[in-house]
Amino acid sequence: MQLQSIQEFKLSKKSKVGILSFVNSFEEFARRAEAIFVGSERRADLDKAYARLIIGIFTEISRIAADSQKTPREVVLFENFHHIFAMLSQLKITSLDKQKREARQHYQEYLQVYVTAYFGQPLDKVHMFFEGIESKLAVGVRVEEVSYQLQFSKQELRKVIKEYSGKEVKKGLEHLYKKVEKHLCEEENLLQVVWHSMQDEFIKQYKYFESMISKCYPDSGIVFEFSIENILCYFSEIAQQH
């Protein structure tokens, strides 16, 4: 009956997905089963049943995530796998240790995919500028010659960087936060985890740009209008405001 209810689950297309009902049902089922079968000689049979159910759950989560229209696929995956990992950590069912590790791995993997896809390149023109430089370096242009290339001159770099004021960057981040908030369910409470991962991604990109400036434009005095400390403040203030 448990397996049948998992396989027959139909997704509502009007609301965001959140934690799937059969994931919660399995948790309730497992808690009851653990209490009933404690010390039982039929423990092996119960463990076999758990294995079948978990395989069914993992398969259906992937199917539903692919069909989801209201919630991004990666969100359905990382929220539900996070819930399964937390649940199996609490239940301490030894026979499901492998599946617990798999759930954790899936959660981390899909969280990163979501962060990368939805955070994107907030300083997209700067990114494209340095992508162009990387392609020049790849074909043999020396680092010290980069700034003498017309499209990669100091003036061009200053022009691109000037487009990103601290105020504009914060505005873009506020818009992103609202989008993420709409995607995630309150039940799993992962909004701040996702937001912190996006902060890390931004700082990683910022440090890359800084290293490229110091490598290709040494002693030029070219800097962003905002610092890493400012970025940390933007992320923190936006989270607190919501």
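The values are calculated or read from the model by the stated rules, or taken from the named source; none is laboratory data. Here the structure is a predicted model, which is why all the values come from computation and not from measurement. Positions of Cβ are generated from backbone atoms using ideal geometry, with glycine treated the same way; all protein chains shown enter the neighbour counts.
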Is it true that some residue in the range 128-140 is hydroxyl-bearing (Ser, Thr, Tyr) and either touching a residue at least 60 places away in the same chain (Cβ under 8 Å) or within 17 Å of Ser214 (Cβ to Cβ) (or both)?
-> no
Do we find a residue being touching a residue at least 60 places away in the same chain (Cβ under 8 Å) and of a type in the set (A, V, I, L, M) anywhere in the range 94-114?
-> yes
Flagged in the range 38-51 as under 17 Å from Glu28 (Cβ atoms) and touching a helix residue (DSSP H, G or I) at 6+ places or on another chain (Cβ under 9 Å), in numbering order, are Leu46, Ala49, Tyr50
Has the range 231-239 got any residue that is modelled with pLDDT of 95 or more and in contact with a Gly (Cβ under 8 Å, 6 or more places away or on another chain)?
-> yes
Considering only the range 223-241, state which residues are surrounded by 13 or more Cβ atoms within 10 Å (Cβ to Cβ) and not in a helix (DSSP H, G or I).
-> Phe224, Glu225, Phe226, Ser227
Flagged in the range 19-47 as in a loop (DSSP other than H, G, I, E, B) and modelled with pLDDT of 90 or more, in numbering order, are Ile19, Leu20
Only one of Glu60, Glu74 is in contact (Cβ under 8 Å) with a residue 24 or more places away in the chain, surrounded by 13 or more Cβ atoms within 10 Å (Cβ to Cβ), assigned by TED's automatic domain parsing to the domain that holds Lys10 and within 20 Å of the chain's Cα centre (by Cα); which?
-> Glu74
